[in-house]
1. Please calculate how many Å² of accessible area the stretch 303-360 carries per residue, with a 1.4 Å probe and no DNA, RNA or ligand atoms counted.
2. Where does each of 260-266, 213-219, 325-331 land if you order them by average Cβ count within 10 Å, highest first?
3. Any idea what Rg and Dmax come out to for the stretch 308-366 if you just take the C-alpha atoms, in Å?
4. Would you tally the net charge around PRO263, using a Cβ to Cβ cut-off of less than 14 Å, leaving PRO263 out, and scoring K and R as +1, D and E as -1?
5. Taking all protein chains as present, what is the carbon and sulfur share of the accessible area of the chain, in % to the nearest whole number, probe 1.4 Å?
6. Report, in deg cm²/dmol and to the nearest 500, the calculated mean residue ellipticity at 222 nm for the chain, where each DSSP H run with n ≥ 4 adds -39500 (n - 2.57) and the sum is divided by the residue count.
7. Which lysines, if any, have their Cα less than 29 Å from the Cα of LYS321, not counting same-chain residues under 8 positions apart?
8. Taking 7 Å along the Cα-to-C-beta vector as the label spot, tell me the ASP240-GLU50 distance in nanometres, rounded to one decimal.
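The values are calculated or read from the model by the stated rules, or taken from the named source; none is laboratory data. Since we're looking at a predicted model, the values are computed, not measured. We place every Cβ from the backbone using ideal geometry, glycine too, and count neighbours over all the protein chains shown. Areas reflect the complete protein model, heavy atoms only, side chains present, ligands, DNA and RNA absent. Shrake-Rupley method; radii C 1.70, N 1.55, O 1.52, S 1.80 Å.
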Amino acid sequence: MAQFGRTTEKPGINWERAFDLYVNAIACDNELLWVQATTKLAKLSKHAPEDLIARTIPVLVELLRGIPSTDLSPSIQEAAAHCLKCVACRGEGRLAVLIGESGAIPSLLSLLLHADGSLRRVLLKCLRNSVTFAAHNREIVVRHGGLEIILNLLNTCSDDLKRYLLEILSALALLREVRRTILISRGVCFLVEAARRGSMVSRCRAAQAIGLLGLVKRARRTLVDSGTFSVLLELLQVGDTSTKVVAANALGVISSHVDYIRPLASAGAIPLYADLLQGTDPMGKEIAEDVFCILAVVEENGVAIVEHLVRILRGDSAEAKAAAADVLWDLAGYKHLPSVVRNSGAIPILVQLLEDQNIDVREKVSGAITQLSYNEADRAALANSGAIPRLVDMLQDESEEMRDNAAEALVNFSEDPSLGDRISDVLNSPSFQNMQERLTQIRASDAYLAASLRHMNTEQLTMDPAALI
């Protein structure tokens, strides 16, 4: 045993020899030696070869399953659980999978039912690592009644153990059946707490589970009442990039219900999504754009959002400016927001950005200007800001999207009695004429569809599609 202990301090350890020493120590009829050897194995596991550590797992599981025979038995189980906890972190999840396949999890859960003190703490840490590093182990825990055990312990345990229970719950909650049970058993408050406490990895998992649970309409009210907004907004502030994206997406899912649009904005979401829009993560930008389009359904939210977008458009980041222009492109189509965009001072900035060096900025800006050109007052503001000559020049651009956007906007200008004479020079342009013809066809199609719907009766609108087959 002494030789086994000394090998942990020497570089160039003979790992096979060390493994044999451990097996021999466990073969002795000396439970104190078992505890000492297993404790030293836990230290060695940080450096030992993966294949050798894998061979110790069955031995450790047997120690965990041992029937208490002396006062030392809990110490042996504690040492085995501690060692398995250390092993689970190794091998990028492969060793955690082996721990699950070895049957360790039912033993951990069985011990957890009656353990207390330091043994309970170590068992929870071992279980946490097992479900963190191996997704399949989560299913094993649930299958053996682990979810009920965790939820019961959350209701009764001391605060110093709660972190481990919440980290286990955040991993289990990635399973659909677990989320369903959490909702039915009124355990949503624990999931929300898991997003507030623990490691950032665990909090991110909890936020992801909250977003998935938010897809269920009847769960949204419970989530909101449990303080989800404040927890996820905190993650948007303090989380790393991936955590911010997950939290932002979860908030977006919940805010898609009209009842929660105002509360989310009032909680301070808009500036945080503006920060996300200026970030480097493409998915984060996309989520921020989508959430802004939801929140802007309420006019006062739209005012605040547009103010942030104008600030971003004045900045130096081409990616952020393109994203902001893309949001304005969408918001310009909201019937209650054209005056908001116009009064924000965005139009002169957009016109200037038509000459930006970045093609993505120019394309998104040209789309926003095209959408604005459908409104009479915005057309006048665009014309006064010098948009028309720039749009005329864009008819020769290499980008087909920009040529189309410019032609569509110019068609709208040509139909304005007060501005039509200012674009007479482009009336014979092929791009202009093609777009004019396309818009005429689209409008005719829209008018025909509207007329057809007016002539349909209630019975036709509610008819079962299967009856038409």
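1. Details: 2590 Å² over 58 residues.
Accessible area per residue, the stretch 303-360: 45 Å².
2. Numbers: 260-266: 17.9, 213-219: 16.1, 325-331: 24.3.
Highest-to-lowest ranking by the protection proxy: 325-331, 260-266, 213-219.
3. 10.5, 32
4. Numbers: positive: ARG220, ARG221, ARG262; negative: ASP225, ASP259, GLU300.
That works out to 0.
5. Details: 11230 of 22330 Å².
Percent of accessible area from carbon and sulfur atoms in the chain: 50.
6. Numbers: 30 runs with 349 residues, N = 469.
Theoretical 222 nm ellipticity from helices: -23000 deg cm²/dmol.
7. LYS244, LYS285, LYS335, LYS364
8. Taking the two extended label points, one gets 2.0 nm.
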